[in-house]
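The values are calculated or read from the model by the stated rules, or taken from the named source; none is laboratory data. Everything quoted here is computed from the prediction, not taken from an experiment. Cβ atoms come from the backbone with ideal geometry, glycine included; neighbour counts cover every protein chain shown. These area figures cover heavy atoms from the full protein model, side chains too; ligands, DNA and RNA do not enter into them. Shrake-Rupley method; radii C 1.70, N 1.55, O 1.52, S 1.80 Å.
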Amino acid sequence: MDKKTNIISFEDTTALNMLFGPKDKNLRSIEKLLDVKLSSKEHSAVIDGDELNVQIAKRLLEELYYLIKKGFPVYRNDLEYAVRILSENSSATLRDIFLDTVYITANKRYITPKSLAQKEYIDTIRKFDIVFGIGPAGTGKTYLAMAMAVAWLMKKKISRIILARPAVEAGEKLGFLPGNLYEKINPYLRPLYDALHDMMDFDSAAMMVEKGIIEVAPLAFMRGRTLNDSFVILDEAQNTTSEQMKMFLTRLGYDSKAVITGDVTQIDLPAGRGSGLVEVQKILKGIDGIKFKYFSSRDVVRHKLVQDIIKAYDRSL
């Protein structure tokens with residue numbers, strides 16, 4: 001492949017220093033990610049390498065410079081996500097993705113999409129009343145849905161949030177576990193509490209849970225209810241039975257929104273029990289107002305090794 005050199009000049013010294021990072025740390029990271037050679041010269045960056053990679057690096061630096069000028073803090077992980085986005089889609093624009101703020105946490109951390117798939121996912125949640133997010137762990141399905149729910153609650157678009165999870169492992173063994181019902185079920189709901197406390201300070205979250213503004217409950221507790229003016233999230237939906245999935249979907253009341261998330265490769269139901277999440281894709285296909293959004297291993301936004309692990313397991317099937 002042809003070698004190429006490109007020089008980019010920047011006007012804002014403060015933004016430039018943030019772009020390059022302390023001791024050009026960000027440039028060194030981009031070098032490894034894109035297999036190019038980067039050097040800084042006064043108000044410029046010099047890029048050397050294969051033509052395609054140089055072009056991606058040029059767009060990356062220009063886009064990140066724009067984000068920094070807009071006040072967006074760029075971290076090491078953002079560099080990896082940005083390179084992945086631009087490498088997979090040459091027409092993608094980082095500013096359209098990273099500047100789409102879903103929610104700002106109590107400690108002023110911005111929750112934004114980190115991939116094209118995540119951007120499409122949150123746009124889908126905004127548009128449709130029932131959304132299914134299906135794909136592997138680490139793609140942000142539940143976390144982004146919860147961020148959207150909290151943002152809507154803060155803006156008074158809904159009056160309560162309901163977070164539900166099937167406690168599959170509890171099943172018939174529930175009675176043998178120590179403690180009262182809450183103590184037995186709570187471990188299965190812990191991931192939802194952890195995500196919630198990541199977005200809100202502990203006291204605010206505890207107050208809202210105590211008042212019933214935010215409810216974290218096992219899926220079985222949804223039976224017989226009508227959920228109006230609510231943002232309802234069903235996590236780990238691959239572990240619902242057909243009957244449970246139908247029960248959950250028919251709880252939705254007026255002015256409500258439901259997001260159902262799951263990974264159909266991680267079903268923990270007893271042998272012989274079909275997954276409601278697998279079945280529902282056929283049953284509800286084509287219904288207006290319901291949308292399925294699928295994620296793959298390339299959409300994982302955890303440690304890079306998580307992506308590699310998922311791909312390895314997929315190859316072994």
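Checking D100 against (1) crowded, with 20+ Cβ neighbours inside 10 Å; (2) free of Cβ contacts under 8 Å to residues at least 40 places away in the same chain: exactly one of these is not met. Which one?
Here D100 clears every test but (1).
Mind checking which pairs have a first residue in the stretch 285-299 that is closer than 13 Å to Y121 by Cβ and a second that is among the aromatic types (F, W, Y), Cβ under 6 Å, 6 or more apart or different chains?
K291/F128; F292/F132; K293/Y121
Name the residue, out of A117, A15, A57, that is under 30 Å from M154 (Cα atoms) and either surrounded by 20 or more Cβ atoms within 10 Å (Cβ to Cβ) or touching a residue at least 12 places away in the same chain (Cβ under 8 Å) (or both).
Values: A15 fails: under 30 Å from M154 (Cα atoms); A57 fails: under 30 Å from M154 (Cα atoms).
Among A117, A15, A57, only A117 is under 30 Å from M154 (Cα atoms) and either surrounded by 20 or more Cβ atoms within 10 Å (Cβ to Cβ) or touching a residue at least 12 places away in the same chain (Cβ under 8 Å) (or both).
Residue check: is P136 open to solvent by less than 30 Å² (accessible area, probe 1.4 Å), free of Cβ contacts under 8 Å to residues at least 60 places away in the same chain and within 17 Å of the chain's Cα centre (by Cα)?
no
Which residue is farthest from G140 (Cα to Cα), if the candidates are limited to the stretch 292-317 and must be open to solvent by 90 Å² or more (accessible area, probe 1.4 Å) and of a type in the set (K, R)?
Applying the filter and picking the extreme gives R315.
Any chance the stretch 61-78 includes a residue that's of a type in the set (G, A, S) and either under 30 Å from V259 (Cα atoms) or touching a strand residue (DSSP E or B) at 6+ places or on another chain (Cβ under 9 Å) (or both)?
Checking the stretch 61-78: not a single residue is of a type in the set (G, A, S) and either under 30 Å from V259 (Cα atoms) or touching a strand residue (DSSP E or B) at 6+ places or on another chain (Cβ under 9 Å) (or both).
Listed residues T241, T250, T226; which is more than 21 Å from the chain's Cα centre (by Cα), over 20 Å from F292 (Cα atoms) and polar (S, T, N, Q)? I'd like the intermediate steps shown before the answer.
Details: T241 fails: over 20 Å from F292 (Cα atoms); T250 fails: over 20 Å from F292 (Cα atoms).
Result of the check over T241, T250, T226: T226.
For T139, indicate whether it is of a type in the set (S, T, N, Q), in contact with a strand residue (DSSP E or B) (Cβ under 9 Å, 6 or more places away or on another chain) and not in a helix (DSSP H, G or I).
In short, yes.
Tally the residues that are farther than 15 Å from M154 by Cα and part of a strand (DSSP E or B), restricting the search to the stretch 202-219.
Counting residues in the stretch 202-219 that are farther than 15 Å from M154 by Cα and part of a strand (DSSP E or B) gives 4.
Conditions: (1) exposed (fewer than 14 other Cβ atoms within 10 Å of the Cβ); (2) free of Cβ contacts under 8 Å to residues at least 40 places away in the same chain. D268 meets all but one. Number of the miss?
Looking at each condition in turn, D268 falls short on (2).
Out of all the residues in the stretch 185-195, is one or more modelled with pLDDT of 85 or more, open to solvent by 70 Å² or more (accessible area, probe 1.4 Å), closer than 15 Å to A145 by Cβ and assigned to a helix (DSSP H, G or I)? It would help to see each step written out before you state the result.
Residues of the stretch 185-195 that are modelled with pLDDT of 85 or more, as a first pass: 194-195.
From the residues that got through so far, the ones that are open to solvent by 70 Å² or more (accessible area, probe 1.4 Å) too are 194.
Next, only the ones that are closer than 15 Å to A145 by Cβ stay: 194.
Checking the rest, the ones that are also assigned to a helix (DSSP H, G or I) come to 194.
Looking through the stretch 185-195, at least one residue is modelled with pLDDT of 85 or more, open to solvent by 70 Å² or more (accessible area, probe 1.4 Å), closer than 15 Å to A145 by Cβ and assigned to a helix (DSSP H, G or I).
Only residues that are open to solvent by 10 Å² or more (accessible area, probe 1.4 Å), under 28 Å from I309 (Cβ atoms) and not in a helix (DSSP H, G or I): list them for the stretch 120-133, please.
Hits for the stretch 120-133: nothing passes.
Checking the structure you have, find out if any residue of the stretch 166-175 is under 19 Å from V300 (Cα atoms) and without any contact (Cβ under 8 Å) to a residue 12 or more places away in the chain.
No, because not a single residue in the stretch 166-175 is under 19 Å from V300 (Cα atoms) and without any contact (Cβ under 8 Å) to a residue 12 or more places away in the chain.
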